[in-house]
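Undergrad: Here it is, the structure, as structure tokens.
The values are calculated or read from the model by the stated rules, or taken from the named source; none is laboratory data. Values in this document were obtained by computation on a predicted structure and should not be read as measured data. FYI the Cβ positions are ideal-geometry reconstructions off the backbone, even for glycines, and counts take in every protein chain you see.
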Amino acid sequence: VTRARGATRRVPRSAIALHGAVLAAFALPGVAGCSAPEPSPAYGPYRTLLEVVAELDATRDADLYRFDPPRDVSGESLPRAVLSRLERIEVLLGDPALAPAIEFARAQAHERLSGFEAAQAGYRQVAAGEGPLAAAAAAALPFTTAMCELTRPLQDPARPLDVLAPLAQRREELTKLLDVYADDPRVCLAWIAIERLDVRLREYLYRNRNAIDDGTRRAVDHARDVIAAHAESRRLLEHVLRLGDFLAELARAQVAAIDPESAEFDATRARNAIAAAAEVYAEVAAVDGAPEREEARAGLAALEALAQRLTGTPP
Amino acid sequence: VRRRFAGLTALSALALLAPVALLACGSAALAPTSPRSPPIERALRDVLLEPPGDPSRRLLAIDTARAVIRSVEDEEAETTGLLAPLEMLAIGCETSREERCARLEALADGEYGADTLSRRLAAGALERDPRWLAARLEGDALYSDFAAFWNGVLRTAFSALQGNPIGVLQPLVVGIEGVVRGQPLDPRDRKRLTLERRLRAEGEPAVLDPRTRERVAALHDQSCREALRLARMALERRDPVAAAIHLDGARAFLRREDEVAEIAVEIDAQLAARREALAAALAVEPVEIDLDGFDRTRVSALVAAWLARDAAALAAAQRDLEAEPPTHHAEHYAAALASANALRRASRLGPPGAADLRAVARRFADTEHAPLAARASTRLDARDLAPFHAAGDVAQQTRRATWRFVFTGERISGDPLEAHADARRAETRSWIDALAPIFWLPATLIRGAYAALGEPIDDRRRIDALAAAVRATRSAPGAAHDLARREALAELAERHERRGEYWKARLALLEARADRDSIEELEAKLADEILAEGDSDRGGGGDRLREARLRWLIGALPDTEHAARARQALATIAASPRGEPIALRFALAVAPELPIDPGWQDGDERNGEIDPERIELLEHGIAFALREGSQTRRVSIDVASETHERLLAAAAEQRWRYAVARAATYHELHSGIPVELYAGLGVSGASAYPRLVEEGYDLADRRYYE
């Protein structure tokens, strides 16, 4: 039977691995059979802290705006894994002399997750102490403080359009930071904050499209603007997908508002809406290596079924 | 038949051993600080207190720490475990990408100790480097080409020894084929393209050496051709939207612009035609059929009677039709139609109109308009049976697809995604295909045997069609389709049963009102399945769903052996541990003060034995099962809140370490030279020989490249 190319899963199959496995298998009864060893002596938590700091340090300068955030080998978000491990190590270690190291690493991890308030508190705590880490924390503080100020939640507006001005002002202030900290690898966090503002406005406009004049057009236009403004972002496909979602939802709304079997139903209009959404989804569905591809494919399949519902032919 | 025992054995053994090894090393990693070696503690503290932005100072501190560790290495064996994370930290200070990768590779290869965790962390860090991964995948591609060539040589030699001419010829043909026509892109190729795009985005195109650039350019060209081919096939299917999608994919490579433009024009033309067709369809106005010359009054009376569901009026109209048959074909047609519908409706109202549709045709059998009446009744009949006819069409398509498979080896299920895959294959057709007849006869015989013994074509579409037919006729049972419906349900039940979908099979049998024995037989299989699921899933976290299924089983099959087993399984679930699991060694490492009697781990059950891998961490303490001879009792121990906090941290760390142990890294999946023992029975006869396994792309994101 000829095996199709790439059809089967490949696993490590080496003579070396086999020999190792056989030897280990002989050793297994010895390992499993013996009673629990004495609790090991020192250095454990130190070692674990070294591991955590080393992993975090290895991704220190990663561009989180343009590329996917680092994950640890088990697939978890690295800064998140670091934070939870640091918490555990703190419980297990009990060495006050290492508190600055832990706090500094924690502040870095929070910063990676855009948790600027926690990062700011951490850096401040370390900066208040002594030693080289204190100086490093003091140097890190201005950017973190600025980001902390510029990412505070905005108050809900009284009228739908009242949110636009504060959002625009905040975006402008964040844009200024891009120049000030152009040489700091953390400037990607400012880009991320700008992108989040744009996304927030996009969602806001879409959600309130019925309360805003010409709301649907504005929402869709802004969704397109977000795509253009963040063409280099790692979230680009997500933005395109969202535009597809908006258009698909508008198509669905047409079908839901007017029964396709009724005389008032405008089949051409509905078809155009479906085609517009399908084109956007198709753009994402053609990209390899991203989970968004699968979402877009599912979206295309759903639109196809919707179109079939209009024509009345069974799927 | 294929045996690949070597790799699988090694993998299984490693999978079994990894947790044990981790448990052994885990206790060391979690041990509380001890003041036994103050110089090392000081050195490590100095390392950790150096700021990450100052590599020179940190490297200096790391070197000092290494020196201190090495100086006490002989006294404290555990200190060797510190070198790997220190090296990892030092690698973080490295500015050269190549150097960083080389050092990480050394770490992953175990040069700084055999500790699984450190090696896996290093392997994970390596995988995050797109350049390193791209180079490895490039190497895999070259190796796979070599392996394919070498396997062909082995196979030819083996067939020559057997005196099998087809076996000798086939690897040669396949080998030439591989050279002459390009292979379709596989997930590894697509991943390579993605990595190359990432490197370009990082501004590192210069890092690719000329040979690699050439291969990447070839991949781009291949990818572009594939997208164009898919676009053309979509156009052939008159699907311009799909064609546009593929064309966008081709445009991304900025190649073959003439072909792209040509297809774009065709897409626009098809889209325009589609728009025009739609507009024309919407503009069409209904044209009144010429109905001159027929007795409107008579037909109107009949239709009125039908609409009013007036059984007496219908009977009168029927008598009238029989007494004076219609003369005009339109009149006759309308009358037959109305009459048939009326009778059908009336049959639901009660006995007076209980006539079969075929009776309509019979009433007019002796008149000159008999063919028209028969057509009318057949049409009505057909409308009821239409869903079953659709299911029949699917069956016919499946039969055709089976024959096609037997004679050509191609499997087509009608799935549009498969059509795309076929397009990818078709892209690489060449004159080599002309040699296919050499293997046709033996291959057809084997495929024929396969088709006779099994079902090479997936029957999912047939099942869908049968289910749709059953659903469509569920609310309107009638004589015309009762038989077809029963048959459809029986086939549905059989197919579901064959696929192991016993629940659906049972529902189909119940709806078909099958005999009790058949249903009971199926329920027994369903019960076995539920009980087996419970065994395999124990401890897997699906307790709620399992409990619900077991409860259904007890209710559905009371007083049976299955119900007794289900009750037992429910009792086991209720008694099974619900707390956070933690291994005893992990627990003792962080809380040596736990009152665990050493006698509980000495292998002597008379004084009690504990399962060292299964301690439960409860809200205020720990619990475990203590085995004393044939008895097992549950022991709960309260612990101080500070101890409990430490135990919680240790349990979380254990969970993380297990997750790391389970993770598959590229580095480990590709260690050594994979060899497998191949045994096959096929066109080239029986064969068995060792061969090299071609490397694929198996990381977790493979599905996004398929």
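Undergrad: When the residues of the stretch B:98-115 are narrowed to those that are part of a helix (DSSP H, G or I), over 16 Å from A:Glu55 (Cα atoms) and charged (D, E, K, R), which ends up nearest to the chain's Cα centre (by Cα)?
TA: In the first step, residues of the stretch B:98-115 are kept if they are part of a helix (DSSP H, G or I); the result is B:98-108.
Applying the additional criterion that residues be over 16 Å from A:Glu55 (Cα atoms) yields B:98-99, B:102, B:106.
Subset that is charged (D, E, K, R): B:98-99.
Values: B:Glu98: 37, B:Glu99: 39 Å.
Among those that are part of a helix (DSSP H, G or I), over 16 Å from A:Glu55 (Cα atoms) and charged (D, E, K, R), it is B:Glu98.
Undergrad: If we scan the stretch A:27-36, do we find a residue that is modelled with pLDDT of 80 or more, touching a helix residue (DSSP H, G or I) at 6+ places or on another chain (Cβ under 9 Å) and assigned to a loop (DSSP other than H, G, I, E, B)? Show your work before the answer.
TA: Keep residues of the stretch A:27-36 that are modelled with pLDDT of 80 or more, which gives none.
No, the stretch A:27-36 contains no residue that is modelled with pLDDT of 80 or more, touching a helix residue (DSSP H, G or I) at 6+ places or on another chain (Cβ under 9 Å) and assigned to a loop (DSSP other than H, G, I, E, B).
Undergrad: Check B:Tyr705, B:Tyr697, B:Tyr678, B:Tyr666 and return the single one that is surrounded by 18 or more Cβ atoms within 10 Å (Cβ to Cβ), more than 10 Å from chain A (Cβ to nearest Cβ) and within 27 Å of the chain's Cα centre (by Cα).
TA: Numbers: B:Tyr705 fails: more than 10 Å from chain A (Cβ to nearest Cβ); B:Tyr697 fails: more than 10 Å from chain A (Cβ to nearest Cβ); B:Tyr678 fails: more than 10 Å from chain A (Cβ to nearest Cβ).
On inspection, the qualifying residue turns out to be B:Tyr666.
Undergrad: Just for the stretch B:62-87: of the residues that are more than 50 Å from the chain's Cα centre (by Cα) and at pLDDT 85 or above, which one is surrounded by the fewest Cβ atoms within 10 Å (Cβ to Cβ)?
TA: Taking the candidates together, the pick is B:Ala67.
Undergrad: Does the stretch B:680-692 contain any residue that is without any contact (Cβ under 8 Å) to a residue 40 or more places away in the chain and part of a loop (DSSP other than H, G, I, E, B)?
TA: no
Undergrad: Hey, another quick one. Cβ-Cβ distance below 6 Å, separation of 6 or more or different chains: which pairs start in the stretch A:114-134 with a residue that is away from chain B (no Cβ under 14 Å) and end on one that is in a loop (DSSP other than H, G, I, E, B) and not aromatic (Phe, Trp, Tyr)?
TA: Matching pairs, first to second residue: A:Phe116/A:Thr151.
Undergrad: Need at least 2 residues that are free of Cβ contacts under 8 Å to residues at least 24 places away in the same chain per element, so show me which strands (runs of 3 or more DSSP E) inside the stretch B:608-654 make the cut, counting only ones lying wholly within it. Spell out the reasoning first.
TA: Working: elements: B:615-617, B:621-628, B:631-638.
Filter on the stretch B:608-654 gives B:621-628, B:631-638.
Undergrad: Restricting attention to the stretch A:58-80, which residues are in a loop (DSSP other than H, G, I, E, B), of a type outside the set (Lys, Arg) and at the interface with another protein chain (Cβ under 9 Å from one of its Cβ atoms)?
TA: Going through the stretch A:58-80, the residues in a loop (DSSP other than H, G, I, E, B) turn out to be A:59-70, A:72-76.
Now narrow it down to the ones that are of a type outside the set (Lys, Arg): A:59, A:61-65, A:67-70, A:72-76.
Hits for the stretch A:58-80 are A:Thr59, A:Ala62, A:Asp63, A:Phe67, A:Pro70, A:Asp72, A:Val73, A:Ser74, A:Gly75, A:Glu76.
Undergrad: Does B:Gly139 fit the bill of being more than 30 Å from B:Ala700 (Cβ to Cβ), more than 10 Å from chain A (Cβ to nearest Cβ) and in a helix (DSSP H, G or I)? It would help to see each step written out before you state the result.
TA: Numbers: more than 30 Å from B:Ala700 (Cβ to Cβ): no; more than 10 Å from chain A (Cβ to nearest Cβ): yes; in a helix (DSSP H, G or I): yes.
So B:Gly139 fails the test.
Undergrad: Is it the case that the stretch A:165-186 has a residue that's touching a residue at least 24 places away in the same chain (Cβ under 8 Å) and closer than 29 Å to A:Glu90 by Cα?
TA: Checking the stretch A:165-186: at least one residue is touching a residue at least 24 places away in the same chain (Cβ under 8 Å) and closer than 29 Å to A:Glu90 by Cα.
Undergrad: Looking at the stretch A:267-280, which of its residues are of a type in the set (D, E, K, R) and facing chain B (nearest Cβ under 10 Å)?
TA: In the first step, residues of the stretch A:267-280 are kept if they are of a type in the set (D, E, K, R); the result is A:269, A:271, A:279.
Within the stretch A:267-280, A:Arg271, A:Glu279 qualify.
Undergrad: Can you tell me which residues in the stretch A:281-315 are surrounded by 19 or more Cβ atoms within 10 Å (Cβ to Cβ) and away from every other protein chain (no Cβ under 11 Å)?
TA: Those that are surrounded by 19 or more Cβ atoms within 10 Å (Cβ to Cβ) and away from every other protein chain (no Cβ under 11 Å): A:Gly299, A:Leu306.
Undergrad: B:Gln222 - would you say it is over 30 Å from A:Glu55 (Cβ atoms), modelled with pLDDT under 85 and at the interface with chain A (Cβ under 10 Å from one of its Cβ atoms)?
TA: Values: over 30 Å from A:Glu55 (Cβ atoms): yes; modelled with pLDDT under 85: yes; at the interface with chain A (Cβ under 10 Å from one of its Cβ atoms): no.
No; evaluated as a whole, the condition is false for this residue.
Undergrad: A follow-up question, please. For the stretch B:593-607, name all the residues that are in a loop (DSSP other than H, G, I, E, B), surrounded by fewer than 19 Cβ atoms within 10 Å (Cβ to Cβ), within 14 Å of chain A (Cβ to nearest Cβ) and in contact (Cβ under 8 Å) with a residue 12 or more places away in the chain. Give the derivation first.
TA: As a first pass, look at the stretch B:593-607 and keep what is in a loop (DSSP other than H, G, I, E, B): B:593-597, B:602-604.
Filter once more, so that each one left must be surrounded by fewer than 19 Cβ atoms within 10 Å (Cβ to Cβ): B:593-595, B:597, B:602-604.
Then drop every residue that is not within 14 Å of chain A (Cβ to nearest Cβ), which leaves B:593-594, B:597, B:602-604.
If the condition is that a residue be in a loop (DSSP other than H, G, I, E, B), surrounded by fewer than 19 Cβ atoms within 10 Å (Cβ to Cβ), within 14 Å of chain A (Cβ to nearest Cβ) and in contact (Cβ under 8 Å) with a residue 12 or more places away in the chain, then B:Glu593, B:Leu594 are the ones that fit.
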